[in-house]
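Student: Once you've had a glance at the structure underneath, I'll fire off some questions.
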Amino acid sequence: DAPFTRTVGRDTWSPRNYGDRYEGRVSVRRALEQSLNAATVHVAESVGMPAVVETAREMGFTGELAPVPSAALGTFEATPLEMARAYLPLANGGLRPSGTIAVRAVRDRDGTVEPADAGEPVAVITPAEAYLITSLLEGVVNSGTATAARALGVGGSIAGKTGTTNDGRDAWFIGYSSRLLAAVWVGFDGGESHGLSGAEAALPIWSDFMRQAIDTYPQTAFAAPAGIEFADVDLENGLLANRFCPRVARETFLAGTEPAQCQEHGGV
C-alpha cells in the first residue's frame, strides 16, 4: 500500500507539507511530524487497539492501559521513566533493557569492580522496525513540531516526539541520538494547567541538555540495518515515482512493503 492514511472528518495535506492537497489523506510521516491526531487514531484502529496495548506493554509501559481509541493519543498516565524506556527500543535496534539501574558499578578500596546486574535486554521489535520509526521521528525534528531544537543548537542525527495534553497540564519531549536518549516532562505535581505545549516547555530543556551532551560525546548517524529499503515516492499519491512524476521525495520502507508504481504521470 502507499504510505498514506485516511484522516477523519477533515481534508489534509500531502507528505512533508510540500503544498499539494491530497484530499482525505495524509502520509504517516506528515501525521507524526505535525501531530495530526485524527490520522494517529485511524492507524491505531486499523491495526486494532488490543494490538496497540500489547505493543505498548512490550515496549515498556507498566501502568494502566485499556484498548480504547483515545489511548492512541495518550489518555493514560505514564511516568517519565516509562516514556524513556518505551522509546529505548527505537534507539537501541529493537532491544528493551530488562531493568533500570541507577548504579552501574561499585569500586572498593582495592579497585575491584563489581558490576551491577541489569539483566539481558529483550528484543521487542526488529532492528528494521526500530529504524523505520526513527526515520519518521527524525522528520519531527527536521520539519515538524520539534524544529526549534535545530534553532537551539542541537545538531546531528536526532529523532524525537513532542507531546501536549489538551488542557495544557503536561508537556513532553522525548528525543534521542544513536547512543543517548533523554525524556523531559514539564508539569505540576497537583495537576494544574500551565498552558504550554511540549515544544514550548519541554523541548528547550531537552535541547539545552542534549546540545552540551553531544558536544562532549559526539554521536554517529543512525545506520540503516538489513531489512530497510529506500525509494522515491510521488508526493501527490504516495506511489513509487517514475521519471515523469513532478514532485518526488526519498522515503523509508520495510523491505517488501514498497508501494506500487505510479501510473498517473507519464505514458500516452
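The values are calculated or read from the model by the stated rules, or taken from the named source; none is laboratory data. These numbers were taken from a predicted model, which means no experiment stands behind them. Virtual Cβ from ideal backbone geometry, glycine too; neighbours counted across all protein chains shown. In case anyone asks, the SASA skips ligands and DNA or RNA and just uses the protein heavy atoms, side chains included. Shrake-Rupley method; radii C 1.70, N 1.55, O 1.52, S 1.80 Å.
Student: In whole angstrom, how far apart do the alpha carbon centroids of the stretch 182-199 and the stretch 142-181 sit?
Tutor: For the stretch 182-199 versus the stretch 142-181, the Cα centre distance is 14 Å.
Student: Sticking with this structure for a sec: Taking only protein heavy atoms into account and a 1.4 Å probe, give the accessible area per residue of the stretch 144-205 in Å².
Tutor: Values: 2690 Å² over 62 residues.
Averaged over the residues of the stretch 144-205, the accessible area is 43 Å².
Student: Quote the relative contact order of the stretch 194-268 in percent (integer), defining contacts as alpha-carbon pairs under 8 Å separated by 6+ residues.
Tutor: Values: 69 pairs, mean separation 18.4, N = 75.
Dividing the mean separation by the residue count of the stretch 194-268 yields 25 percent.
Student: So if we plug the beta-carbon distance of I205 and E64 into 1/(1 + (r/R0)^6) with R0 = 22 Å, what FRET efficiency do we get, rounded to 0.05? Could the numbers behind the result be given before it?
Tutor: Numbers: r = 27 Å, r/R0 = 1.22.
With R0 = 22 Å, the Cβ-Cβ based efficiency is 0.25.
Student: Another question, then. Helix-only estimate, please: 222 nm mean residue ellipticity of the chain, summing -39500 (n - 2.57) across DSSP H runs of length 4 or more and dividing by its residues, to the nearest 500.
Tutor: Details: 7 runs with 81 residues, N = 268.
For the chain, the value works out to -9500 deg cm²/dmol.
Student: Same structure again: Quick one: with all protein chains in place, what share of the accessible area of the chain is carbon or sulfur, to the nearest percent (1.4 Å probe)?
Tutor: With neighbouring chains kept in place, the figure for the chain is 53 percent.
Student: With unit charges on the beta carbons (Lys and Arg positive, Asp and Glu negative) and the dipole taken about the Cα centre of the stretch 210-264, which residue among A226, L239, T257 sits farthest to the positive side?
Tutor: The residue sitting most towards the positive pole is A226.
Student: State, as an integer percentage, the relative contact order of the stretch 120-268 based on alpha-carbon contacts under 8 Å between residues 6 or more apart. Display every interim value, and only then the final one.
Tutor: Values: 266 pairs, mean separation 29.7, N = 149.
Relative contact order of the stretch 120-268: 20 percent.
Student: What Kirkwood hydrodynamic radius, in Å, does the chain give when the mean of 1/r is taken over all pairs of distinct Cα atoms and then inverted?
Tutor: Values: mean 1/r = 0.0497 Å⁻¹.
With all distinct Cα pairs of the chain included, I get 20.1 Å.
Student: Treating only the Cβ of Lys, Arg, Asp and Glu as charged (+1, +1, -1, -1), what charge dipole size does the chain show about its Cα centre? Round to the nearest 20 debye.
Tutor: 520 debye
Student: Taking every DSSP beta bridge that has both residues in the chain, what percent is antiparallel when rounded to the nearest 5? Walk me through the numbers before you get to the answer.
Tutor: Numbers: 29 of 30 bridges.
Around 95 percent of the beta bridges assigned by DSSP in the chain are antiparallel ones.
Student: Continuing with the same structure: With label points built 7 Å along Cα→Cβ from the Cα atoms of L180 and A51, find their separation and express it in nm.
Tutor: The modelled label-to-label distance comes out at 3.7 nm.
Student: Evaluate the relative contact order of the chain (contact order divided by residue number), counting alpha-carbon pairs under 8 angstrom at least 6 apart; express in whole percent.
Tutor: Details: 515 pairs, mean separation 42.4, N = 268.
Across the chain, relative contact order equals 16 percent.
Student: Compare S177, S207, S98 in a GNM of the chain, Cα atoms joined below 10 Å, and give the one with the largest fluctuation.
Tutor: Result: S98 has the largest fluctuation of those listed.
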